[in-house]
Structures are given as C-alpha cells and as structure tokens.
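Here the structure is laid out as structure tokens; the discussion comes afterwards.
What follows is calculated from the coordinates using simple rules that are stated; it is not laboratory data. Just so it is clear, the model here is predicted, and its values are computed rather than measured. Don't worry about glycine lacking a Cβ; one is built from the backbone with ideal geometry, like all the others, and counts go over all protein chains shown.
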Amino acid sequence: MRALRVAAVGLALALPARAAVTELRPGPGAEVTAANCAACHSLDYIMMNAPFLDQAGWTAEVAKMVNVFRAPVEPSLMPEIVAYLARHYGPAPR
C-alpha cells in the first residue's frame, strides 16, 4: 500500500504543472473584467465555465459573484463584464 502511495505521489510530481492564466483575450472590457474577477479567483475560472455560459449564463454568474459571494464589483461595471465574457468566452466566441 505504501509503495502505491509513493508511486502516485511520484507520478503527480512528474507531470507538468498547468500554468495559471494571467491574461484574458484582448478586447473592450478585458481590463475591467480581469481586475474585478482576479480580485477573488484565478482567471482560469473563466475558461472552465466558458463552454457552458452564454449571455444569460454569464449574466447569472456575474450576479451570483456579486450578490451571493459579495465580490467587490461596482454594479455599474457588471454589464461591461458580462458583455466581455459573453463575447470572448461564450460557447461560440467571435
């Protein structure tokens, strides 16, 4: 059993680490989105949700972050953030 655990740890350490995303795709709203979203979580979270969220989905996700998780985002910035996310990280980015 110990040998199996040692082998599993060795394998995990041998696999290349996935680098965290530090930049979003360029476009209007990218800086505002990065500054506000990265205040609470890595920007990888956006890519993990991108295949599933359209305009309505991103609207709900940003509202959840602000209203439920109390993300420090000015409500006036929410439409810009949602528009950026839907355009660049929706199911079919343009």
**OP:** Quick one: net charge around Ala34, please, counting Lys, Arg +1 and Asp, Glu -1 for every other residue with C-beta under 13 Å from its C-beta.
**Re:** -3
Subject >> Distribution of pairwise C-alpha distances over the range 20-89, 5 Å bins, in % >> reply: 3, 18, 32, 31, 14, 1
Original post:
Under the definition of Cα pairs under 8 Å and six or more residues apart, what whole-number percent is the relative contact order of the range 20-89?
Top reply: 45
